[in-house]
Amino acid sequence: MESVLLRARGVANSRDINTYLQAGGWEGFKKALSMPPEAVTQEVIDSELRGRGGAGFPTGRKWSFVPKDHPGPKYLICNADESEPGTFKDRELIEYDPQMVIEGIAIASYAIGAHTAYIYIRGEFYRWARILEEAIEQARAHGFLGKDILNSGYDLEIWVHRGAGAYICGEETALIESLEGKRGFPRLKPPFPAVVGVFGKPTVVNNVETLACLPHIMTRGAKWFASIGRPRNTGPKLFCVSGHVNRPGVFELPLGVTFREIIFEHAGGIRNGRKLKAFFPGGSSSPVLTADEVDVLADFDSCAAAGTMLGSGGIIVMDDTVDMVEVGRNLAHFYAHESCGQCTPCREGSDWCLDILTRLVQGYGHPSDPDQLLRICRFASQGMTICPLGDAFALPISSLVRKFRQEFEAAVARAKPIPPKKLPVMPWTGRDVRFGG
């Protein structure tokens with residue numbers, strides 16, 4: 001497949017707007033401005049583009065939920081928080097082709113009728129925030145942003161907002177709260193952001209990669225985009241491969257290739273000649289797949305049918321030396337730390353799982369621990385929390401217990417008695433009191 005999203009990788013001065021213009025950049029936005037906003041939305045619906053941030057919701061349908069007769073302002077937010085472990089594709093796009101991202105934001109903003117857009121970027125991504133700010137200035141200097149863009153009568157300003165590094169702010173309503181200057185607590189839905197979003201106004205939140213697809217859809221057409229991949233799973237996709245492979249990195253492939261092709265052909269196979277044991281197909285919050293499931297197709301519907309999810313496309317590969325109990329403990333540690341604490345099943349459940357898994361790793365397991373983990377995960381997922389973070393820790397941990405139960409039972413079989421705990425007794429340093437004296 002020709003390189004579409006990563007076409008600028010390796011090109012000299014790829015971040016410069018003149019390089020982007022020479023490659024046909026900003027033609028998609030010019031075409032969009034010549035069309036009614038509804039026609040732009042229909043073009044994206046016809047392309048069957050689905051969100052690349054994790055949920056895989058159809059992008060054009062998401063835009064169509066924005067009330068067209070809303071009298072006040074509407075907003076577009078580019079989600080560049082990229083906090084899912086195992087995911088590092090958005091940085092790649094911003095690093096080599098920031099104008100493509102800015103153009104995608106402009107197209108989406110025009111389609112929904114927004115005149116202000118925000119890029120919410122992770123606080124640690126200082127370098128990439130600067131790259132985006134420079135790209136915005138170049139676009140404004142060339143007349144693609146600001147007032148009366150290209151004599152169309154359409155106005156648009158884009159602002160970069162750095163977050164503070166909380167995982168939860170990758171969730172769109174927590175992101176909106178953070179953008180408003182509040183603590184990043186997810187909101188109850190409904191109302192959905194398309195109706196009541198940032199500052200109480202209709203808002204669309206799209207991922208960086210999702211927006212980067214838009215210039216290509218506008219210039220080459222929805223039919224061309226839909227011809228890549230499989231029905232309902234269309235277009236190019238960036239897969240981030242990390243872990244025990246010979247060539248970790250970001251690979252652009254059509255949706256619907258097998259995980260075997262991604263891991264063994266593009267990522268060079270398992271390092272040091274070891275065997276594949278398991279992999280997370282969509283970041284650490286996705287249920288794990290075993291080596292026997294490596295022929296599952298890497299797209300939204302195939303992953304769902306296999307009991308997992310494509311998520312952000314962050315593939316974390318583990319070889320046959322990996323202790324899956326330790327993997328579970330590592331995941332529980334991350335999600336217990338990142339839970340915002342708003343919902344009891346997530347706050348207490350993730351911490352409870354961490355306690356049990358830490359005991360198992362340290363050799364103090366109990367025969368009831370595997371079933372206890374499954375019970376906690378069941379009560380923390382399936383809609384028991386305001387946002388999906390409950391599922392984010394519960395689904396991968398429960399999949400580890402189910403698919404590698406023998407390792408958890410072996411950890412229990414190796415367990416030693418839990419040493420009795422003695423409460424600390426502070427020595428008395430006050431006046432010597434003698435009873436009966």
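The values are calculated or read from the model by the stated rules, or taken from the named source; none is laboratory data. Keep in mind that this is a model prediction, so the values were computed, not measured. Every residue, glycine as well, gets a Cβ built from its backbone with ideal geometry; the counts of neighbours run over all protein chains shown. In case anyone asks, the SASA skips ligands and DNA or RNA and just uses the protein heavy atoms, side chains included. Shrake-Rupley method; radii C 1.70, N 1.55, O 1.52, S 1.80 Å.
Would you confirm whether or not region 264-273 contains a residue that is in contact (Cβ under 8 Å) with a residue 24 or more places away in the chain, touching a Lys or Arg at 6+ places or on another chain (Cβ under 6 Å), more than 21 Å from residue 387 (Cα to Cα) and among the β-branched types (Val, Ile, Thr)? No, because not a single residue in region 264-273 is in contact (Cβ under 8 Å) with a residue 24 or more places away in the chain, touching a Lys or Arg at 6+ places or on another chain (Cβ under 6 Å), more than 21 Å from residue 387 (Cα to Cα) and among the β-branched types (Val, Ile, Thr).
Scanning region 88-141 for residues that are closer than 13 Å to residue 157 by Cα, small (Gly, Ala, Ser) and open to solvent by 10 Å² or more (accessible area, probe 1.4 Å) returns 113, 141. When 313, 349, 341 are screened for being closer than 17 Å to residue 373 by Cβ and touching a helix residue (DSSP H, G or I) at 6+ places or on another chain (Cβ under 7 Å), only 349 passes. Entry remark, region 107-131: residues being in a helix (DSSP H, G or I), closer than 22 Å to residue 13 by Cα and touching a residue at least 40 places away in the same chain (Cβ under 8 Å) number 2 in total. Only residues that are open to solvent by 10 Å² or more (accessible area, probe 1.4 Å) and assigned to a strand (DSSP E or B) were counted in region 22-78, giving 3.
For region 1-59, which residues satisfy the criterion of being over 27 Å from the mean Cα position of the chain (by Cα), among the small types (Gly, Ala, Ser) and at positive phi? The answer is 24, and nothing else. Checked against the criteria, residue 84 does not count as open to solvent by 40 Å² or more (accessible area, probe 1.4 Å), out of contact with any Pro (no Cβ under 8 Å at 6 or more places or on another chain) and either touching a residue at least 40 places away in the same chain (Cβ under 8 Å) or not in a helix (DSSP H, G or I) (or both). In region 309-335, the qualifying residues are those that are of a type in the set (Ser, Thr, Tyr) and more than 17 Å from residue 262 (Cα to Cα), and the one that is farthest from the chain's Cα centre (by Cα) is 321.
Could you pull out the residue among 129, 139, 108 that is among the hydrophobic types (A, V, I, L, M, F, W, C), over 20 Å from residue 43 (Cα atoms) and in contact with a helix residue (DSSP H, G or I) (Cβ under 7 Å, 6 or more places away or on another chain)? So the residue among 129, 139, 108 that is among the hydrophobic types (A, V, I, L, M, F, W, C), over 20 Å from residue 43 (Cα atoms) and in contact with a helix residue (DSSP H, G or I) (Cβ under 7 Å, 6 or more places away or on another chain) is 139. Looking only at residues in region 154-167 that are at pLDDT 95 or above and in a loop (DSSP other than H, G, I, E, B), the one that is surrounded by the most Cβ atoms within 10 Å (Cβ to Cβ) is 154. For region 225-237, indicate whether the set of residues that are under 22 Å from residue 282 (Cα atoms), open to solvent by 10 Å² or more (accessible area, probe 1.4 Å), in contact (Cβ under 8 Å) with a residue 60 or more places away in the chain and under 17 Å from the mean Cα position of the chain (by Cα) is non-empty. So far as region 225-237 goes, no, none of its residues is under 22 Å from residue 282 (Cα atoms), open to solvent by 10 Å² or more (accessible area, probe 1.4 Å), in contact (Cβ under 8 Å) with a residue 60 or more places away in the chain and under 17 Å from the mean Cα position of the chain (by Cα). Of all the listed residues (204, 196, 241), the sole one being touching a His at 6+ places or on another chain (Cβ under 9 Å) and either of a type in the set (Val, Ile, Thr) or modelled with pLDDT under 95 (or both) is 241.
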